[in-house]
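Read the structure below first, then the notes.
The values are calculated or read from the model by the stated rules, or taken from the named source; none is laboratory data. Predicted model only: the values in this text are computed from it and were never measured. Cβ coordinates were reconstructed from backbone atoms using ideal geometry, including for glycine residues, and neighbour counts include every protein chain displayed.
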Amino acid sequence: MKIILTQDVKNLGYKDDIVEVKDGFGRNFLVPSGKAKLATSGNLKMLAEDLRQREFKLDKLRKDAEQLSEKLNGITITIQTKAGNTGKIFGSVTSLQIANALKEKGYDVDRRRIVSDDIKSLGTYSANLNLFKDITTTITVEVVTE
């Protein structure tokens, strides 16, 4: 029996894979539990259309990420925070603060895409922005006292 997986199934395949399984396994477990659907001609056409649309969306996201990466390459942002006499700041600089500083400069970057070391003192640091699967850029974060 040929089926189209609607979600990842361990030891069988990944979502949208077309696999051959035994009739009982497909009919009694995979299809009723919603993990697969029969590979009919209509379902195969729908799968092809879904894959085409997904590829188009991913291509657009990749192009947008590349453009943003070119704009952000080498940019420096300044974050003002309270610090003690020794240069140690109260708390730490988080990815949310970096995202807000980027937003003030006109760049909209999700805070979950920002990776930086623990910033707990005044100085200059670097932060990586993971904009897409394989598109990353580095910005400079300058932490100064208020």
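Among the residues of the stretch 1-24, write down those that are β-branched (Val, Ile, Thr) and not in a loop (DSSP other than H, G, I, E, B).
Of everything in the stretch 1-24, those that are β-branched (Val, Ile, Thr) and not in a loop (DSSP other than H, G, I, E, B) turn out to be ILE3, ILE4, VAL9, ILE18, VAL19.
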Qualifying position, being out of contact with any Gly (no Cβ under 9 Å at 6 or more places or on another chain), under 30 Å from ILE114 (Cα atoms) and in contact (Cβ under 8 Å) with a residue 12 or more places away in the chain, among ASN43, ASN73: ASN73
Looking at the stretch 59-70, is at least one residue loosely packed, with under 12 Cβ neighbours inside 10 Å and under 30 Å from ASP118 (Cβ atoms)? yes
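Could we say that VAL143 is among the aliphatic types (A, V, I, L, M) and loosely packed, with under 15 Cβ neighbours inside 10 Å here? Spell out the reasoning first.
Working: among the aliphatic types (A, V, I, L, M): yes; loosely packed, with under 15 Cβ neighbours inside 10 Å: no.
Considered against the rule, which asks whether it is among the aliphatic types (A, V, I, L, M) and loosely packed, with under 15 Cβ neighbours inside 10 Å, VAL143 comes out as no.
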Pairs, first in contact (Cβ under 8 Å) with a residue 40 or more places away in the chain in the stretch 1-17, second surrounded by 15 or more Cβ atoms within 10 Å (Cβ to Cβ) and in a strand (DSSP E or B), C-beta under 9 Å, six or more apart: ILE4/VAL19; ILE4/ALA36; ILE4/LYS37; ILE4/LEU38
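Is it the case that ALA39 is at pLDDT below 95, among the aliphatic types (A, V, I, L, M) and surrounded by 13 or more Cβ atoms within 10 Å (Cβ to Cβ)? Walk me through it before giving the result.
Working: at pLDDT below 95: no; among the aliphatic types (A, V, I, L, M): yes; surrounded by 13 or more Cβ atoms within 10 Å (Cβ to Cβ): yes.
Taking the combined requirement at face value, the residue does not satisfy it.
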Go through (1) touching a residue at least 40 places away in the same chain (Cβ under 8 Å); (2) over 24 Å from the mean Cα position of the chain (by Cα) one by one and return the number of the condition LYS35 breaks. (1)
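Mind listing just one residue for me: the one in the stretch 96-122 that is among the small types (Gly, Ala, Ser) and surrounded by 12 or more Cβ atoms within 10 Å (Cβ to Cβ) and, of those, farthest from LYS57 (Cα to Cα)? Before you say what the answer is, go through the steps one by one.
First, the residues of the stretch 96-122 that are among the small types (Gly, Ala, Ser): 99, 101, 106, 116, 121.
If we keep only those that are surrounded by 12 or more Cβ atoms within 10 Å (Cβ to Cβ) as well, we get 99, 101, 116, 121.
On the way: ALA99: 24, ALA101: 28, SER116: 29, SER121: 41 Å.
This residue is SER121.
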Considering only strands (runs of 3 or more DSSP E) fully contained in the stretch 25-116, which possess at least 3 residues that are touching a helix residue (DSSP H, G or I) at 6+ places or on another chain (Cβ under 9 Å) and of a type outside the set (Gly, Ala, Ser)? 76-81
So, PHE90, is that one aromatic (Phe, Trp, Tyr) and assigned by TED's automatic domain parsing to the domain that holds ASP108 or not? yes
